[in-house]
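Okay, so here's the structure we're looking at.
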Amino acid sequence: MGRSAKGPLYLELAERLRAGIRQGLYGPALPPERGLAEAFGVSRDSVRRALALLEEEGLIRKRRGSGTYVARRATFRARLLGFSEEMRALGLEPATRPLKAQLLPASPEEALALGLSPGEGVWRLERLRLADGEPMALERAVLPSWALEAPPEASLYQALEARGLRPVRALQRLRAVAAREEARVLGVEPGAPLLYLERVSYLADGRPVEFVRSLYRADRYELLLELA
């Protein structure tokens, strides 16, 4: 691949690798740097710079001592699934790292969202959600005290289903925000783009059972809507 009018070689190489990744030509692992340099007829320095650019874009992940891998993106779909169910449907292994679990009086905002009396008890759960061992989302869920006997160790929706309290519908808002104090726990730089999700989930009898506010890594998620 010789120098062209497109600009520096590493940018041209990055574009060709980017196209190949989107077409499914690579994965799960990319060839080693030497193999890419030989295949495209460029220096290893150009390969390193191209890979650094793609990593910055969230298209690839480098694992120390293992290699370079195509980053798998999770997809929000217009359906009501718990995090663990969604990740397994995508072929990813979910995990949960509990950060906080408190039984406290509801704040005015929480009481309004969950249809509770002011000061009524709620569970506040803060959890880091992971897929294949990588941080995906920081989830802050609030539930009425009657919904749970104790904080679940893994899937919240499985715990609710076991009590006959599976949500059947939800109202959800989604917007873009910049990472702040949560950047460290999510493994991103301060100011990196995140998706802020706010959802109220309801039981079949109309009672709200979950008020959740989550921050998702924008480099690991995309939104898919089917319009009829």
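Data for the structure
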read-out	value
Selected residue (only one of 198, 182, 210 is within 23 Å of residue 56 (Cβ to Cβ) and of a type outside the set (Gly, Ala, Ser))	182
Among the candidates 122, 47, residue that is in contact with a helix residue (DSSP H, G or I) (Cβ under 6 Å, 6 or more places away or on another chain), of a type outside the set (Phe, Trp, Tyr), within 28 Å of residue 145 (Cβ to Cβ) and modelled with pLDDT of 90 or more	122
Hey, residue 177 part of a loop (DSSP other than H, G, I, E, B), open to solvent by less than 60 Å² (accessible area, probe 1.4 Å) and within 30 Å of residue 22 (Cα to Cα) or not	no
Selection count, segment 45-57, where residues are surrounded by 17 or more Cβ atoms within 10 Å (Cβ to Cβ) and either in a loop (DSSP other than H, G, I, E, B) or of a type in the set (D, E, K, R) (or both)	1
Those residues of segment 20-58 which are touching a Ser or Thr at 6+ places or on another chain (Cβ under 7 Å), within 26 Å of residue 189 (Cα to Cα) and without any contact (Cβ under 8 Å) to a residue 40 or more places away in the chain, in sequence order	51
Filter result (open to solvent by 90 Å² or more (accessible area, probe 1.4 Å) and without any contact (Cβ under 8 Å) to a residue 40 or more places away in the chain) within segment 163-173	163, 171, 172, 173
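The values are calculated or read from the model by the stated rules, or taken from the named source; none is laboratory data. Here the structure is a predicted model, which is why all the values come from computation and not from measurement. Please note: Cβ atoms are built from the backbone with ideal geometry, for glycine as well, and neighbour counts cover all protein chains shown. SASA here: full protein model, heavy atoms, side chains in, ligands and nucleic acids out. Shrake-Rupley method; radii C 1.70, N 1.55, O 1.52, S 1.80 Å.
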